[in-house]
Each structure stands twice: as C-alpha cells, then as structure tokens.
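Asks: Quick one: the structure is below, questions incoming.
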Amino acid sequence: MAQLEIRNLHVALEDGTEIVKGVDLKVDLGQKHAVMGPNGSGKSTLAYALMGHPAYVVTDGQILLDGEDIAELGADERAQRGLFLAFQYPHAIPGVTVTSFLRSAINANRKAASGGEDDPVPIPEFRTNLLAAMEELKVPRELASRYLNDGFSGGEKKRVEILQMAMLKPKIAVLDETDSGLDIDALRIVANGVNKLVGPETGALVITHYQRILDYVTPDFVHVFVDGRIVAEGGPELAHKLEAEGYEAFGSNGNGRGPS
Amino acid sequence: MSSTHETDVVRGIRSDYKYGFSNPDDAKDYFFKSGRGISHEVVEAISEHKGEPEWMRQFRHKSLDYFLARPMPSWGADLSGIDFENIYYYIRPTEKQADSWEDLPPDIKDTWDKLGIPEAEKKYLAGVGAQYESEVVYHKLQADLEAKGVLFLDMDSGLREHEDIVKQYMGTIIPQNDNKFAALNSAVWSGGSFIYVPPGVRVEMPLQAYFRINAENMGQFERTLIIVDEDAYVHYVEGCTAPIYSSDSLHSAVVEIVVKPRGRCRYTTIQNWSNNVYNLVTKRAVAYEDATMEWVDGNLGSKVTMKYPAIWLMGERAHGEVLSIAFGGKGQHQDAGGKVVHVAPRTSSVITSKSISKDGGRAGYRGLLQVAKGAVGSKSKVVCDALILDEESRSDTYPYIQVDESDVELGHEATVSKIGEEQLFYLMSRGLSEAEASAMIVSGFVEPITKELPLEYAVEMNRLIQLQMEGSVG
Ligand SMILES: Nc1ncnc2c1ncn2[C@@H]1O[C@H](COP(=O)(O)OP(=O)(O)OP(=O)(O)O)[C@@H](O)[C@H]1O
Ligand SMILES: [Mg+2]
C-alpha cells in the first residue's frame, strides 16, 4: 500500500456545496506527483481536506496515511503522523519568531513520537540544523528572528514554508502552489529543496498551475484536475501537453465549478 | 484542617496553580496575630506592637477614619464579596527578620524554596525581600550596593532607621484619603519595601520583592516607597502568590515612587495570586525633569484586580511608560490599566495594554490620560489591544482622555480580536495541539511587553500564560 492513498474522496463546504467530487490518488515514498488544474477547480480544497481543515467536510471516501484512515483526525495528529502542507497563503503569527515557532513545532512532533513524553530537541542540534537548512534554501539569517510571516513578502513566505518542510521532514509533503510568486532563482532553490527531501523517506504532491516548477521538480506522475475531479493522468509529458493546449482541452470552461 | 485544605485544592479554580500549596500547621506558630475585623483597637495594636513614633500612630488612626467614612467604589469590579469583618489585618509570622535563608523557620524557608527564590537570588538579583503574611521575613542586599549608599529595607525598618525620609514622603504621592483602599492600607500597613538610590548610582541587576499570603482570610497591606535620586537607576520587581482557599483573602498595597531629575525607575509586577484573592492596589509615581518612570504590570492571577499604575510627569521632558498585561480566566475579573498626567511641558508617555479573556473571564483596560494647561509640546500614545478567546469571555476598554492644552500630540489605537480559525489551523498543521497553538498566539500577542522583560521574567511570564491556557481546556 502506498504511503498516502486517497480513495473516492468527496469534499464539501460547510454549506453543503461539493467541491471535490470523487478523487483517487496514490503517493508513495520516493515519488513526485503533480496535480495541475485551473483556478477554482478545487486543488486547495483537496489539500486542506487532506490536512484536516475544519471548514472542509469529507462527505465520502477515505484518506489513508500509511494504511490508517486519518479523515477523522485533527490537523495536529495528521502532522504528527508525517503529513505536511505548504500553504498557498501562509498565515502571519505576530509576536512569534520563525525560530521559536520551528522549535515548538519540532518539539510537539517529538513529544507525539515519544508517546506524549516531553523530549525537547537539544538547542545546539536545533541551531545547527536550522542554520544548515537556511543556508541550503538561501533564507536570509535575519528572517529567523522575525515574526512568522508577519510582513513577509510573498516569496519570503513561500521560502519559509519550504524551510518548515525541510526542518519537519514529513513523509508526505503537499505543496499548494509554492511556485507562484517566486522569482526564477527562488523557484530553483525551492525546487532543489523539494528534490532533496523526496527520497526513501518522503513523497511529494506538488499542486500547480504551471509547467514552470515542473522543469525543476520532474514529476513521476501528472494528474490533471478539473472541476473537482482528476480527468487525465500520465507522465511528465502530460504537463507539456497542458502547457501547449490549455485546460479547455480537458473539459474546463475556464471558470471553476464548471458544468457537472 | 489538613484534609479541608486538600479538598480546597482539589476544588481550586485552576487545578494546576503551581503555588497552591500552603502550610496548614503554621497558624499556631505565628509570633503575633490580630483578631478578625478592623477597628481602632486593631490599628492601635499594630502600631504599638511595632513600637512606632507618635506621628505614625496618628497617621494610622486618621486613615482608618477615612476608610470607614468612604463608601465602596461603585465603579470597576464587583467588590461585594469582600467581608472586612472576616479578615485578619495583621499576622507576624516570625520574631526576627533573617538575612540568611537558613535562619528562617523550616516551614517558611520551604515555601520560598518551592517558589525558587533563593536560586533566583544567586543567579540574577541584586537584592531580595521576602514578605510572608504581614512582615518581611528575609532581606538581603548585595554588599557593593550597600557600600554605595543604596538603601533596600523593609518598610518597617525604613521607618525605624530613616524616619526623616519616610516622614518626608509617605502619603505625599498617594494621600491617605486618596481612595478607600489606600486609606485602609494607610491604617494597617505592614511590610513592603523602602528603597533609596543615591545620585548617579545605577543598580544594574533587579531588586526583587516576593509577597506571599499563606493564611486564609489574610489581608496583606504592604507599603512601598522608592526614591530614585538624580541620575540614578533601579529596576524593582515584585512577584505575588498565595495558596488556594475556598474563602477570600485581600491584598491591598500602596506604592509611592519619586524619580528625581534624569533618574529612571522601572517597576515590574508579576502578579500571580491564587483565584481567591482580591487585589486592590494603588500605585503612583512622580517623575521630575528628564526622568523616566516605567510600570510593567503583568496581572495573571487573583479573583479581582483593580489596579491602574499612575505617573505624574512633573518636570520638563519627563517620560512615562505603562505596559500592562491582564489575563482574565474563569471566575476572574482583571480591571487593569494606567494613568498618566502631563503637568510639565514637552513630557511624553506611552501606555500599552494587552488584555486577554478566556473561559468566561473578564479583562480590560481602564485608563486616564490627562494633559494640564501649559504642558505644551507633550506627546502621548495609548495602544490597547484585547484578545477574546471564546464567546463567554469579555473585554472592556475605558480610555478616558482629558486635555486642557492644545499644543499636544496624542495618539490612540484600540483593537479587539479573536484567535482566528485560520491561524490555529496553520499552527496545528505543524503538529501543535490546539492548546499549544492558542498559547503560542497569546504569547505572540503579549510579546511587545514580554520582550521588555529580563529573560528570566519573560520565560516565567510565558510559562504562566501557558498554564492559564492549559488551565481548563475542554
Ligand atoms: N471557505 C470557502 N468558502 C466559500 N467558497 C469556497 C471556500 N473554499 C473554496 N471555495 C470555493 O471552492 C472552489 C474551489 O476553490 P479552491 O481554492 O479549492 O480552488 P483552487 O483550485 O485551489 O484555485 P486556485 O488555482 O485559484 O488556487 C472555488 O469556487 C472557491 O470559491
Ligand atoms: Mg488554490
């Protein structure tokens, strides 16, 4: 069984509107998957539902992480089991520095891993790892002592999302349009970060509009997502076809919630 | 007795209140204990027991008359639960004050050990005073500061050894009839700190006083007077705790501060009384030319707190700052705030208030900013932010402003917010529990104030907030 298995997943808004309309997807360790789809097709909704956002209701189907159905778990418990979401729009937490936030997050995961016993990461070890990851992702030193996402530029937010991913070392990383808002150098650095992480311990699901990031993160599988469903699947060549022909060739009318 | 206490602890409002221990057996060991209730006889007994000069004896009796004549305040928090007849106004736990922890009776020493105070003294304090019930039982100042002429005594010793200074200042910053509770304090005061910092002397490490109420229905009325002379500096910190009892205790202090030209005084409070204490404190400072006065006021515990640290900016370019945190949890009402009066030209002030309410608690800001005619070119900024954690809780903001001078620059900002679902989800998606995520957001909210604290106190403040947050989740 794959590390992440999504079976016939249906997701609705609190008012009952169905957004994700039956998705099947398997992501295994060592694999890179791309989900490509037009604006408003429900990609972020899928990502939020995977992570357990309370505003998105799973009305049918299963989300299996390492064989366990996590659809009823809180976001914290999903994270502790190795799921990570890089947000399309990360939130600001005024007054909490990137460093202290990262340390708390790591400690929360370590505590869960040791059955609820406190097991804080030794400060020197944390510092070494943080500095190495920041160096690798070219995150400016001063960002570590700024308040999380507070007043960050779009690109800084995205880089710090990837920094969090690198520090938390998830089993499955979902990246929701991490490429948007990045300049070309940043894109390359972020893509390298993803490539470095994916391996025997980690698989990734990269959500994007554009081919652009896929030039650097070569996906093993591409899924075309239109109006809440996967409408086509293939290898990297599918992304090129999309870039050339647009989503309309796959039945999108170009404005989300298309005909059903 | 011991089993009653056990039940009380279990029933305690905050079951994890770390300072909730008490020493149930020591009541019989008190050196001196007045009966319950307040009267001229009690005042006379206190004054006589202390062997005070005649003027102080009269000051006390006069103050009691004021107290009895004044009605209870009809604004602020609900004080109807205070039963003045049921309170012990004076308890002296030991015969002599100690200057070594070892010299204290074991039960009292044990209390301070549990609070970690001897440890803190070794690590980062220039001087320590420890008050248990009505009297300061331990006092110590670093020898080099003593040599420089710094005075750091308990108030009773201050009166005995420096009567001239005490007589000159006591009751001049806060008149004995200022308000009902200042009058009560003036009548029955005992303990507190007396500090004098000579011209040009900078006390680099904090002086700290710890106030501990141990007996049930105890009234603690310490009186503090701080004189910071020209170009001098001191940071004074007070911490307060009490055990959890089923019936209430009263803490009603008076703090008077004088900061002379170019001097600077910072007064930090970490108030963490148990949730059966009425905390009604009057604090006021005067700052002369180019002097700076800063109140940093963290109110986390108590049942009711009414406290509005005040600064009178008397000399040109004097600067005043009030930083206030109020956390109102279940059954608590924190009516906190600040007051600044600009008397002299080109004075400046900043009031920053952060209030948090949770589990049906109330926390708020009540402030007065006053600019007198002639205080030209004065500047003031008031920022009060409230964070309300659930539907049952409440926050109130009363920012009174009274300006009699036109050439001034005033700013006022107020925000009320809730913890956003999106922020919580974001933090939880990184593995933090809901309580941890909320605590992190709250710590971030008060960060503009905690970052002003020395590291040890910032850590303590964050830990207390965490405890409050975990307190009654679910
Ligand atoms: N909380 C919400 N309340 C109301 N409508 C919502 C909510 N979340 C999503 N929607 C709607 O659901 C649809 C899918 O939105 P979603 O954000 O998942 O799309 P997306 O594929 O991520 O789009 P984009 O490429 O622009 O990021 C849209 O029509 C959107 O308006
Ligand atoms: Mg999206």
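Asks: Mind checking how much accessible area A and B bury in total, 1.4 Å probe, in Å² rounded to 100?
Replies: Approximately 2000 Å² gets buried when A meets B.
Asks: Right, here's the next one. Using alpha carbon centroids, what distance separates region A:105-170 and region B:332-383, in Å?
Replies: Value for the Cα centre distance between the two parts: 38 Å.
Asks: Further question: Please report Rg over Rh for region B:159-205, where both radii come from the alpha carbon positions and Rh follows the Kirkwood definition.
Replies: Rg/Rh: 1.05.
Asks: Next up: Which positions within region A:38-58 get 30 Å² or more of their accessible surface covered by the other protein chains, compared to the chain by itself, with a 1.4 angstrom probe?
Replies: Relative to the lone chain, where solvent access is computed with a 1.4 Å probe, region A:38-58 loses at least 30 Å² at A:His53, A:Pro54.
Asks: I need the Kirkwood Rh of region A:4-250: take the reciprocal of the average 1/r across all distinct C-alpha pairs and report it in angstrom.
Replies: Computed over region A:4-250, the radius equals 18.5 Å.
Asks: For region A:82-96, what does the Karplus curve 6.51 cos²θ - 1.76 cosθ + 1.60, with θ = phi - 60°, yield as ³J(HN,Hα) per residue in whole Hz, taken in order and with x for Gly and Pro?
Replies: x, 9, 9, 10, 8, 6, 5, 10, x, 8, 8, 10, x, x, 10
Asks: In addition: Tell me, what is the percent relative contact order of chain B, built from C-alpha pairs under 8 Å that lie six or more residues apart?
Replies: 10
Asks: In this model, which of B:Lys109/B:Lys451; B:Lys167/B:Lys283; B:Lys96/B:Lys123 are farther than 20 Å apart at the alpha-carbon?
Replies: In this structure, B:Lys109/B:Lys451; B:Lys96/B:Lys123 exceed 20 Å between Cα atoms.
Asks: At 1.4 Å probe size, with every protein chain present, just tell me what the per residue accessible area of chain B comes to in Å².
Replies: 36
Asks: Taking all protein chains in place and a 1.4 Å probe, what share, in percent, of the accessible surface of chain B do carbon and sulfur account for?
Replies: Using a 1.4 Å probe with all protein chains present, chain B comes out at 50 percent carbon and sulfur.
Asks: Out of the GluC sites (Glu not before Pro) in region A:152-260, which ones are loop residues according to DSSP with at most 15 other C-beta atoms within 10 Å?
Replies: Passing sites in region A:152-260 are A:Glu201.
Asks: Hey, another quick one. Just give the residues from region B:410-427 buried by at least 40 square angstrom of accessible area in the all-chains context relative to the isolated chain, probe 1.4 Å, and say none if nothing qualifies.
Replies: Residues of region B:410-427 that lose at least 40 Å² of accessible area once the other chains are added: B:Glu421, B:Glu422, B:Gln423, B:Phe425, B:Tyr426.
Asks: Step through the table entries B:Lys180/B:Lys330; B:Lys33/B:Lys140; A:Lys21/A:Lys43; A:Lys158/A:Lys196, compare each Cα-Cα distance with 19 Å, and write down the pairs that go over it.
Replies: B:Lys180/B:Lys330; B:Lys33/B:Lys140
Asks: Please report the relative contact order for region B:185-282, taking Cα pairs under 8 Å with a sequence separation of at least 6, and give it as a percent rounded to a whole number.
Replies: 31
Asks: In addition: Counting only Cα atoms, I'd like the Rg/Rh figure for chain B, Kirkwood definition for Rh.
Replies: Rg/Rh for chain B comes to 0.95.
Asks: Also, I was wondering about something else. In degrees between 0 and 90, to the nearest 10, how far off the longest principal axis of chain A does helix A:154-168 point, with axes built from Cα atoms?
Replies: The two axes meet at around 70 degrees.
Asks: Rg/Rh for region B:342-393 to two decimals, with Rh computed the Kirkwood way over all alpha-carbon pairs.
Replies: Looking at region B:342-393, the ratio lands at 1.22.
Asks: If you don't mind, there's one more thing I want to ask. Which far-off residues, 5 or more places away or on another chain, put their amide H under 5 Å from the one on B:Val383, with H placed in the peptide plane?
Replies: Answer set, sorted by chain and number: B:Ile351, B:Thr352, B:Ser353, B:Glu413.
Asks: Still on this structure, I have one more. Is there a pair in A:Lys157/A:Lys241; B:Lys339/B:Lys379; A:Lys111/B:Lys354 whose C-alpha atoms are over 19 Å apart, and which pairs would that be?
Replies: Result: A:Lys157/A:Lys241; A:Lys111/B:Lys354 exceed 19 Å.
Asks: Here is a follow-up. What relative contact order, as a whole-number percentage, does region B:418-474 give when Cα pairs under 8 Å and 6 or more residues apart are counted?
Replies: Averaging sequence separation for qualifying contacts and normalising by length gives 34 percent for region B:418-474.
Asks: With θ set to phi - 60°, apply the Karplus curve 6.51 cos²θ - 1.76 cosθ + 1.60 along region A:224-230 and write out the HN-Hα couplings as whole Hz, x wherever there is a Gly or Pro.
Replies: 8, 10, 10, 6, x, 9, 7
Asks: Skip the ligands, DNA and RNA, and give the accessible area per residue of region A:4-250 with a 1.4 Å probe, whole Å².
Replies: With all protein chains present, region A:4-250 gives 41 Å² per residue.
Asks: Moving on. Can you give me the P(r) profile for the protein assembly as shown? Cα pairs, bins 10 angstrom wide beginning at 0, each as a whole percent.
Replies: Final binned percentages: 3, 13, 21, 20, 15, 12, 9, 5, 2, 0, 0.
Asks: If you split all Cα-Cα distances of region B:52-200 into 5 Å bins from zero, what percentages do you get per bin, shortest first?
Replies: Result, from short to long distances: 2, 8, 14, 17, 17, 14, 14, 9, 3, 1 percent.
Asks: With +1 on each Lys and Arg Cβ and -1 on each Asp and Glu Cβ, and nothing else charged, work out how big the dipole of region B:29-160 is about its Cα centre, in Debye to the nearest 20.
Replies: My answer is approximately 340 debye.
Asks: Report ³J(HN,Hα) in whole Hz for each residue of region B:379-386, in order, from the Karplus equation J = 6.51 cos²θ - 1.76 cosθ + 1.60 where θ = phi - 60°; Gly and Pro get x.
Replies: Working through the residues one at a time gives 10, 8, 9, 10, 10, 10, 10, 10 Hz.
Asks: Could I ask something else about it? Averaged over peptide B:446-454, how many Cβ atoms belonging to another chain are found within 10 Å of each residue's Cβ?
Replies: Averaged over the peptide's residues, the number is 1.
Asks: Residue farthest toward the positive end of the dipole of region A:4-250, with Cβ of Lys/Arg at +1 and Asp/Glu at -1: which of A:Phe87, A:Val35, A:Leu25?
Replies: Of A:Phe87, A:Val35, A:Leu25, it is A:Phe87.
Asks: Let me ask something additional. Any chance you could give the angle, 0 to 90 degrees and rounded to 10, that helix A:236-245 forms with the longest Cα principal axis of chain A?
Replies: Once rounded, one gets 60 degrees.
Asks: Which whole number gives the average count of other chain Cβ atoms within 10 Å of the Cβ atoms across peptide A:93-106?
Replies: Other-chain Cβ atoms within 10 Å of each residue's Cβ, averaged: 5.
Asks: Where both partners of a DSSP beta bridge lie in chain A, what percent of those bridges are antiparallel, to the nearest 5?
Replies: Antiparallel bridges make up about 55 percent of those DSSP assigns within chain A.
Asks: Between B:Ser190 and residues 5 or more places away or on another chain, which pairs have amide H atoms under 5 Å apart, with H built 1.01 Å from N, and which residues are they?
Replies: HN-HN under 5 Å from B:Ser190: B:Phe221, B:Glu222, B:Arg223.
Asks: Can you pull out the trypsin sites (Lys or Arg not before Pro) in region A:3-56 whose DSSP state is coil and whose Cβ has at most 16 other Cβ atoms within 10 Å?
Replies: In loop regions of region A:3-56 (DSSP not H, G, I, E or B), there are no sparsely surrounded trypsin sites (Lys or Arg not before Pro).
Asks: Further question on the same structure: Work out the length of the dipole vector of the protein assembly as shown about its Cα centre, built from +1 on the beta-carbon of each Lys and Arg and -1 on the beta-carbon of each Asp and Glu, and round it to the nearest 20 debye.
Replies: Roughly 940 debye, rounded to the nearest 20.
Asks: Also, I was wondering about something else. How many partner chain Cβ atoms sit within 10 Å of a residue's Cβ in peptide A:69-82, on average, as a whole number?
Replies: For peptide A:69-82, the averaged partner shielding equals 3.
Asks: Report, by chain and number, residues whose modeled amide H sits under 5 Å from the one on B:Cys240, excluding near sequence neighbours (fewer than 5 apart, same chain).
Replies: HN-HN under 5 Å from B:Cys240: B:Phe211, B:Ile270, B:Asn272.
Asks: Now a separate question. Ignoring solvent entirely, what values of log10 I(q)/I(0) come out of the Debye formula for region A:127-169 at 0.16, 0.17, 0.26, 0.31 Å⁻¹ when each Cα is a single scatterer?
Replies: -0.35, -0.40, -0.94, -1.27
Asks: Count neighbours as other Cβ atoms within 10 Å of each site's Cβ, and list the GluC sites (Glu not before Pro) in region A:6-94 that are DSSP loop with at most 16 such neighbours.
Replies: Loop-located and lightly packed - A:Glu14, A:Glu72.
Asks: Further, regarding this structure: Threshold 30 Å², probe 1.4 Å: give the residues of region A:107-133, in number order, that are less accessible with all protein chains present than with their chain alone.
Replies: A:Ala108
Asks: Just report the Cα centroid separation between region A:40-62 and region B:113-145, whole Å.
Replies: About 57 Å separates the Cα centre of region A:40-62 from the one of region B:113-145.
The values are calculated or read from the model by the stated rules, or taken from the named source; none is laboratory data. Please read these numbers as outputs of a predicted model, since none were measured by experiment. Positions of Cβ are generated from backbone atoms using ideal geometry, with glycine treated the same way; all protein chains shown enter the neighbour counts. When the accessible area is computed, the model is the full protein with side chains, heavy atoms only, and any ligands, DNA or RNA have been set aside. Shrake-Rupley method; radii C 1.70, N 1.55, O 1.52, S 1.80 Å.
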